[in-house]
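Take a look at the structure set out below.
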Amino acid sequence: MESSHKLFSAVAILLLLVVATEVAPAQARECEVESERFNGLCFVSANCAGVCGAEGFTGGKCSGLKRSCMCTKQC
């Protein structure tokens, strides 16, 4: 009888651990829009992020075959 309680407890704890690791908090989506102020080809994401910051975005990165500066923010 005592061993069945230990087994049940062990299974319950294991189940809680599995559920806790599988359930992740919902993350906000990140929206991208092409910068209106960045000129030329974008090769340095830090420069892009600086221009995007001046436009009111939270970040920016160089992207795509056209090497566009894409500004990012939480949707």
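General observations
- 14 Å beta-carbon shell around residue 30, net charge (K/R +1, D/E -1): +2
- Restriction of the trypsin sites (Lys or Arg not before Pro) in segment 24-75 to DSSP coil positions whose beta-carbon has at most 15 other beta-carbons within 10 angstrom yields 29, 37, 66, 67.
Coordinate-derived values only; no laboratory data. Keep in mind that this is a model prediction, so the values were computed, not measured. Reconstructed Cβ throughout: ideal geometry from the backbone, glycine too, with neighbour counts over all protein chains shown.
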